[in-house]
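Scroll down for the structure; my scribbles are underneath it.
The values are calculated or read from the model by the stated rules, or taken from the named source; none is laboratory data. Just so it is clear, the structure is predicted and the values come from calculations on it, not from any experiment. Cβ: placed from backbone, ideal geometry, glycine included. Neighbour counts: every protein chain shown. These area figures cover heavy atoms from the full protein model, side chains too; ligands, DNA and RNA do not enter into them. Shrake-Rupley method; radii C 1.70, N 1.55, O 1.52, S 1.80 Å.
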Amino acid sequence: MPSAQVNATRMELTKQKRRLATSSRGHKLLKDKRDELMKQFLDLIRENRALRKKVEEGLMQAHGSFTVASALMSSEIMEQSLLYPKQSVDLDMSFKNIMSVNVPQYRFTTRSADAGEVYPYGFATTSGELDSAVDALSSVFEDMLKLAQIEKACQLMAEEIEKTRRRVNALEYVVIPDCQAKIKSISMKLDENERNNTIRLMKVKDMMLNAEIEERRKRTAEAISQSRN
């Protein structure tokens, strides 16, 4: 059943057919977009799972080294050693468009290219385990940044997939069936009107034919009457 009564005119029929064609094209495009988003989303999920495992292993290694260093060094020396970092990081963010979804892209640069700048302390009073912990954190930093980028992309793409899915369902189960019902209703009414018009024309034609026959009979009767007189 159509959602609302419509005027049964050929103009309205043309309008609904155009609307149906546009909705059908939009439905196909949105389905293609949804499928491609799902494909890329699943690829990101797999990459996210592998990268998260790598980051967790790196953080566990760093945590273990810090635990050992804390046992070998006093808390005062540990705090003084890490109080003033020598290396600094600049973070830049840009955006990449994936199927109309702007996902963030993170890039970082260090102030110095010297790998030794990551250690903000001297090696005389510190433990080698502290060096291992700092090195492990430095190594896992880039993976952590990439993991944050992928997880944010997954979140944005999941929202876009859900939004696209709702639009596809709205077109497939509401808009397109409504247009089809309206087209069917208008076509039936137009066909009925055309049949009624045909019947009326046939009746008018029969009436005119009967009137003409009656007129000829009258004329014939008058002509016979005059000839007898």
Any idea what the relative contact order of the chain is, in percent, if you count C-alpha pairs under 8 Å spaced at least 6 apart? 35
How much accessible surface area, in Å² rounded to 10, belongs to the heavy atoms of residue 68 with a 1.4 Å probe? 60
Förster-model FRET efficiency, 30 Å R0, residue 106 and residue 29, C-beta, rounded to 0.05: 0.45
Positive-end residue of 180, 226, 149, charge dipole of segment 125-229 with Cβ unit charges: 226
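Set the bar at 25 Å for Cα to Cα. Now go through 33/152; 28/184; 28/163; 17/205 and name every pair that lies beyond it.
From 33/152; 28/184; 28/163; 17/205, over 25 Å: 17/205.
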Using protein chains only and a probe of 1.4 angstrom, how many square angstrom of residue 35 are accessible, to the nearest 10? 80
With every atom except the alpha carbons ignored, what do you get for Rg and Dmax of the chain, in angstroms? 41.4, 155
Virtual spin-label span in nm between residue 57 and residue 14, 7 Å along Cα→Cβ: 6.8
Enter the accessible area of residue 91 (Å², nearest 10), with the probe set to 1.4 Å and all protein chains included. 100
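Where does segment 150-198 land on the Kirkwood hydrodynamic radius, alpha-carbon pairs, in angstrom?
Across segment 150-198, the inverse of the average 1/r is 13.7 Å.
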Ratio of segment 96-222's C-alpha Rg to 2.2 N^0.38 Å, to two decimals? 3.04
